[in-house]
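One structure is given below, encoded as structure tokens.
The values are calculated or read from the model by the stated rules, or taken from the named source; none is laboratory data. Please read all numbers here as calculations on a predicted model, not as lab measurements. In this analysis, Cβ positions are derived from the backbone assuming ideal geometry, glycine residues included, and neighbour counts consider all displayed protein chains. Quick note on the areas: whole protein, heavy atoms, side chains included, nothing else; ligands and nucleic acids left out. Shrake-Rupley method; radii C 1.70, N 1.55, O 1.52, S 1.80 Å.
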Amino acid sequence: MLPKNQRSEEISSETAVAVMGKEPAVARHPSKMHLEQYESWQDMERLRPAWESLLLESPERTIFLAWEWLKPWWNAYGAGQRVIALAAYEGAKVLVGLALLSCEERRTPLGTLQFLRLLGDGTKDSDSLDFIVRSGYEQPFSSAVLDWCEQHKAEWDVLALNTVPAESPVARALGTELEARRWVYWQRENAHQVVHLPNNWEEYLASLSRKLRKEINQKLRRMEKNHQACQRRCMTQEELPDFLEKLFDLHTKRWSVRHEAGSFGLAARRQFYAEMGAQFLERGWLEFWLLEFDGKPVATEFNFQFGKAYYTLQNGFDPAFSSDSVGTVLKALILRDLISRGVESYDFLGDSDPYKLRWKATTHLYLQRSCARPGSRGAWYLKLTRSAAAARARLRSFLPESARKSLRSGYQRVLGRRAAPATAESDQGSEE
């Protein structure tokens, strides 16, 4: 028998299942593949080269599944959780699928339940989470993961698969498997916006509303006339701590106007940004920008690039310079630079927000899917959650916002939810 941190199970990948009315997703080389379970970061470190190679090959190529994101996230938030990596191999140790998961206990009306999540979920820092799967292996790998869940039913109650892109081939395969096995699941969708960039700045500027074009041009001219402006990017490890302190300060100033704390009141989040930012900078992924007027920091964006995709994670600005629209100015300068470099998309991440649509963003969907085995305590919990959500939807149609806030607070207490840290992106609000 293999040790606990590296269990091996044989799975057949010969059976293909039609997904959403499309052609069956068949593995290119149907054969036997085996699943190994890892439960320590030391073991996962040995898996890292194959993990990185698979990520670059797979359709789920997103920075949020990279070691440089997930390990710092774990170091900051992983206390009280257990890490589980399910790796599927074919042939001579060829990695074809990887499910990176964490497990933690939560108190609920049904007692303490074990929640199995995608690694990185639960703190509202990560987006675009998924299984990492070689193209063509989505169905057999999804089946293998659910087989593992059924064989290890004592180790979990609810499987939460959140912020998965709706267009994910793995999401479609998993949906088919859940239906076939008659698992109980509750699924929601939430929107996020992505700007798909053209080949030149003039074309992009022309696509914006007349009002925004006018604002950008006026504020850029005003900046050049009234200030000695400097746009700086963090380029060295020595600069990073100072850039981070300016981000924390500008972000807090911005939200203090609304009498809110913002995202960086949590020491864990500050730790996460410092460690993740250092690793991204080393890999050449970090795009951390600061706009200064006359030597004074007025706006900042903490962004990163992975391949042709660009992500904006967090921002801040000095409310004393709101009349200069410093947030808008910095974003316009960044977008102009990205277009000149051939970057294809600017992803706002987080939830939907009207201000993002001003930048000619298109709406994409994330799936929030929680599931459990039929007849289990997890299934009863999901039924309770689904019923409560339906009741809230009915009340929402006629209750004022103040009453809805009170009900939300009570609902979270009933379900035993921890107060979630402020989201890294959905709390951005307007950028001015």
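First measure r as the distance between the Cβ atoms of Thr112 and Ala166, then evaluate 1/(1 + (r/R0)^6) with R0 = 30 Å and state the FRET efficiency to the nearest 0.05.
That pair, Thr112 with Ala166, gives E of 0.40.
Output wanted: per-residue J couplings in Hz (rounded whole) for region 160-168, from phi through Karplus 6.51 cos²θ - 1.76 cosθ + 1.60, θ = phi - 60°, x for Gly and Pro.
9, 10, 10, 6, 8, x, 4, 7, 4
Report the charge-dipole magnitude of region 97-217 in Debye, nearest 20, computed about the Cα centre from +1 at each Lys and Arg Cβ and -1 at each Asp and Glu Cβ.
Here the size comes out at about 440 debye.
With a cut-off of 19 Å, note down the residues of region 233-258 whose backbone N falls inside the zone around a label point 7 Å from the Cα of Ser340 toward its beta carbon.
Only 233-235 pass the distance filter.
Cα centroid distance between region 128-152 and region 299-353, in Å?
35
Given the whole protein assembly as supplied and a 1.4 Å probe, what does the accessible area of Trp41 come to in Å², nearest 10?
30
Send over a whole-number figure in Å² for the accessible area per residue of the chain, probe 1.4 Å.
Here the per-residue accessible area is 44 Å².
Which lysines does Lys211 reach when only Cα atoms under 23 Å apart count, and residues fewer than 8 places away in its own chain are ignored?
Within the straight-line cut-off, Lys211 pairs with Lys219, Lys225, Lys331, Lys356, Lys360.
Any idea what the relative contact order of the chain is, in percent, if you count C-alpha pairs under 8 Å spaced at least 6 apart?
So the answer I get is 19 percent.
Out of the total accessible area of region 118-186 (probe 1.4 Å, heavy atoms of protein only), what percent is carbon and sulfur?
46
Using the Cα centre as the reference, give the magnitude of the dipole from point charges on the C-beta atoms of the chain (Lys, Arg: +1; Asp, Glu: -1; all else neutral), rounded to the nearest 20 debye.
Dipole magnitude for the chain comes out near 1680 debye.
Which of the lysines could a cross-linker bridge to Lys32, judged by Cα under 27 Å and excluding same-chain residues fewer than eight apart?
Filter leaves Lys4, Lys22, Lys93, Lys153.
Please report, as a whole percent, how much of the solvent-accessible surface of region 207-341 comes from carbon and sulfur atoms (probe radius 1.4 Å).
C and S atoms contribute 49 percent here.
Run the reach check for Lys383 against aspartates and glutamates, Cα to Cα strictly under 20 Å, same-chain hits fewer than 8 apart removed. What comes back?
By straight Cα distance, Lys383 reaches Glu105, Glu150, Asp157, Glu177, Glu179, Glu189.
With each pseudo-label sitting 7 Å past Cα toward Cβ, what's the Arg283-Gln271 distance in nm, one decimal?
Result for the modelled spin labels: 2.1 nm.
Using a 1.4 Å probe and ignoring any ligands, DNA or RNA, find the accessible area of Ser256 and quote it in Å² to the nearest 10.
Spelled out: Ser256, probe radius 1.4 Å, area about 60 Å².
Between Ala388 and Val257, what is 0.36 nm times their sequence separation minus the Cα-Cα distance? Round to one decimal in nm.
43.8 nm
Compute the semi-axes of the equivalent ellipsoid of the chain, taking the square root of 5 times each eigenvalue of the Cα gyration tensor, and list them largest first in whole Å.
The answer is 39, 26, 21 Å, longest axis first.
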